[in-house]
Structure formats: C-alpha cells, structure tokens
Amino acid sequence: MKVNKAEIVISAVAEAQYPGDNLPEVVLLGRSNVGKSTFVNTLIERRSLARTSQQPGKTQTMNFYQINDLFRFVDMPGYGYAKASKSERDKWGKMIEKYLRQRENVVMIFQLIDSRHEPSEDDFLMYEWLTYYELNPVIIGTKADKISRTNQKKSMNQIAKTLNLKNSREVILFSSETKLGKEESWKLIESVLK
Ligand code: GTP
Ligand code: MG
C-alpha cells in the first residue's frame with residue numbers, strides 16, 4: 001500500500017478516548033522492546049511516527065495511527081515490562097484484554113516475537129489467550145537481520161513448536177533493516193481491508 005497520509009489520532013489511556021468511528025484497526029502486540037513501534041514505522045515508511053527506543057517500555061499508551069483515512073494501526077504498550085509496577089501492569093492488561101474482546105473495529109492482530117530467542121512464557125500465554133477467544137494472531141518474528149539464514153529457519157521452527165502452530169511457514173520473519181516481511185505483512189492487511 002502506498003501511504004500518503006499517516007497521523008496519530010490519539011494516545012489513549014482510557015476507553016472513552018478510543019476513536020468513535022468504525023475504521024478497521026490492525027493491532028500490534030508483543031513484549032516490550034520486541035519492535036512493535038518499529039514495525040509500524042517500517043510499514044508506513046516514516047522513520048519516527050511511532051516513537052521507539054532501545055529502552056523497553058517506550059510505548060506507554062494505546063496509540064492510534066490513522067493511515068490514508070482507511071484504517072488504523074493500534075500500537076500497544078509491551079507486556080512483560082519488568083519496571084512497570086504490578087498495579088500498572090494489571091491496569092494495562094485489563095484494558096488491552098477488554099479492547100481486544102470488545103472492540104468491533106479490530107480486523108487483524110499481529111503478535112510480535114523476537115526471532116533471536118525462544119518465545120517467552122508471556123508470549124505463549126498471550127498467544128493462548130488470543131486463540132482461546134478466537135482472536136487468531138498473525139505471528140511475526142522480529143529483528144531477523146540480527147540472525148543468520150540458518151538460524152532464521154531454526155527460529156521459525158522454534159516459534160511454531162512453542163506455540164503449537166501447524167506449520168512453521170505461518171511465522172513471518174521481519175526486519176526493519178532489510179525490510180524482510182514488509183510486503184507479506186502489507187498483503188495480509190490489504191486482504192482484510194477489502
Ligand atoms: P515498547 O514500546 O517498549 O513496548 O517497545 P516496542 O515493541 O515498540 O519496540 P521498538 O519498536 O521501540 O524497538 C525496540 C528497539 O529494537 C529499538 O532500538 C529498535 O530500533 C530495535 N528494532 C526494532 N525492530 C528491529 C529490527 O527489525 N532490526 C533491528 N536490528 N532492530 C530493531
Ligand atoms: Mg513501542
């Protein structure tokens with residue numbers, strides 16, 4: 001998709017702030033620092049619309065980015081952010097769960113997992129929770145430029161195995177550096193917008 005217009009609509013901290021229209025929403029989920037905000041920037045070819053950082057916990061609000069006035073990316077705070085207080089994590093956990101279960105705008109969920117490591121317990125639990133509610137996510141293995149071709153294959157198998165996916169080809173490897181996975185991700189988004 002050629003992106004002519006990309007703008008932040010709202011950094012929401014409460015449900016009342018979610019946009020009130022019915023534009024489709026594509027959601028980014030994953031651990032802190034996995035590359036959710038970078039994924040958005042890479043797809044829309046804007047280096048810094050979504051704020052990123054080497055420090056985990058950069059995204060602390062639900063950020064709604066409207067693309068071509070056609071759909072929105074919803075960039076979520078990361079889960080498993082150790083420095084956040086338990087009450088803060090609980091608050092976000094509940095808010096995100098409620099959003100995912102009740103928001104009718106949601107047309108696609110990308111769950112991002114760091115391709116360099118085995119999926120964490122949090123990754124597994126998030127995936128289980130999503131599939132339990134039939135919110136089947138597309139699995140993205142991020143930072144693929146940081147591992148060798150051999151390890152890329154291993155990583156896809158490892159992710160598929162840990163999450164009990166039927167086929168390791170269900171995992172899309174992604175890199176903001178080489179743009180691996182960018183076109184495939186766009187194709188999936190375009191397929192649900194039609
Ligand atoms: P939170 O907002 O804290 O939940 O993190 P996030 O998931 O939004 O991660 P973010 O996009 O801020 O990226 C974290 C760090 O990883 C940044 O330093 C990015 O530059 C880096 N990064 C993200 N994706 C890639 C990638 O594909 N390749 C490489 N080499 N680095 C990446
Ligand atoms: Mg972020």
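Quick notes
- Put simply, of VAL34, VAL9 the only residue that is among the aliphatic types (A, V, I, L, M) and within 28 Å of GLU121 (Cα to Cα) is VAL34.
- Pair list, Cβ under 7 Å, 6 or more apart: region 168-190 residue closer than 18 Å to ARG46 by Cβ, other residue basic (Lys, Arg) and within 10 Å of ligand 1 (Cβ to nearest atom): SER175/LYS143
- Subset of region 9-26 (residues that are β-branched (Val, Ile, Thr) and more than 15 Å from GLN60 (Cα to Cα)): VAL9, VAL26
- Assessment of region 102-123 against the conditions (within 21 Å of LEU173 (Cβ to Cβ), acidic (Asp, Glu) and touching a helix residue (DSSP H, G or I) at 6+ places or on another chain (Cβ under 6 Å)) yields at least one matching residue.
- Residues (modelled with pLDDT under 90 and in contact with a Lys or Arg (Cβ under 9 Å, 6 or more places away or on another chain)) located in region 56-72: PRO56, GLY57, LYS58, THR59
- Tallying residues that are surrounded by 13 or more Cβ atoms within 10 Å (Cβ to Cβ) and assigned to a loop (DSSP other than H, G, I, E, B) within region 71-96 yields 6.
- Of the residues making up region 136-153, not a single one is surrounded by fewer than 15 Cβ atoms within 10 Å (Cβ to Cβ) and among the acidic types (Asp, Glu).
The values are calculated or read from the model by the stated rules, or taken from the named source; none is laboratory data. Please read these numbers as outputs of a predicted model, since none were measured by experiment. Cβ coordinates were reconstructed from backbone atoms using ideal geometry, including for glycine residues, and neighbour counts include every protein chain displayed.
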